[in-house]
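One structure is given here, and the rest of the page talks about it.
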Amino acid sequence: MNLRHAAAGNNADWCAAVLAACGIASARSGALWAALGPPPLYPGLVTLREGCQVAVEAALAGPVPPDAIKDSFADLDLTAQGFDCAIKGAWLLAPKAVPVANPALPVADDAGFARWNRG
């Protein structure tokens, strides 16, 4: 499994969940995730694989082009289409989490919260 692809897909799933909670539909199509009319600070398009330049340019030429694009692999050049990089980042991999006996148990006191927080 390519962890960068998994991270980009997970991020698109997060965007889809937030938009669904707002009543906004989204969909995956090939190496892109897209939504029409996302709320402020959410992209209308997310790349899920490297090398999506042509697919993104096609989406920008469509009837409702996105206002914001999350270039998950920092390999797009959209300056000719009027886009500029607002935020630059990198995917980070955290060490595997230590399993917690039952993370769903309710926290009833400060000591329980401290145990939950360590988990």
| request: Write down, largest first, the equivalent ellipsoid semi-axes of the chain in whole Å, where each equals the square root of 5 times an eigenvalue of the alpha-carbon gyration tensor. | output: 35, 17, 13
| query | When ranked by the protection proxy of mean other Cβ atoms within 10 Å per residue, highest first, what sequence do the peptides 27-36, 13-22, 58-67, 41-50 form? | reply | 41-50, 27-36, 13-22, 58-67
| remark: Ranking Gly30, Ala114, Pro65 by how far each Cα lies towards the positive end of the charge dipole of the chain (+1 on Lys and Arg Cβ, -1 on Asp and Glu Cβ), the top one is Ala114
| note | Mean accessible area per residue over the chain (1.4 angstrom probe, all protein chains present, square angstrom) is 71
| message | In whole Hz and in residue order, list the ³J(HN,Hα) couplings for the stretch 17-25 that follow from phi through the Karplus curve 6.51 cos²θ - 1.76 cosθ + 1.60, θ = phi - 60°; x for Gly and Pro. | response | 5, 5, 5, 4, 5, 8, x, 10, 7
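Roll a 1.4 angstrom probe over the protein heavy atoms and tell me the percent of accessible area of the stretch 10-119 that is carbon or sulfur.
On the way: 4840 of 7920 Å².
The value for the stretch 10-119 is 61 percent carbon and sulfur by accessible area.
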| query | Non-local amide H neighbours of Leu32 (under 5 Å, H modeled in plane, Pro and chain starts lacking H): which ones? | reply | Leu48
| said: Under the rule of at least 5 residues apart or a separate chain, name every residue whose amide H is placed under 5 Å from the amide H of Ser72. | reply: Thr47
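The values are calculated or read from the model by the stated rules, or taken from the named source; none is laboratory data. A quick note: this is a predicted structure, and the numbers were derived from the prediction, not measured. Here Cβ is always computed from backbone atoms with ideal geometry, including for glycine, and neighbour counts include all displayed protein chains. Ligands, DNA and RNA are excluded from the accessible area calculation, which covers all protein heavy atoms including side chains. Shrake-Rupley method; radii C 1.70, N 1.55, O 1.52, S 1.80 Å.
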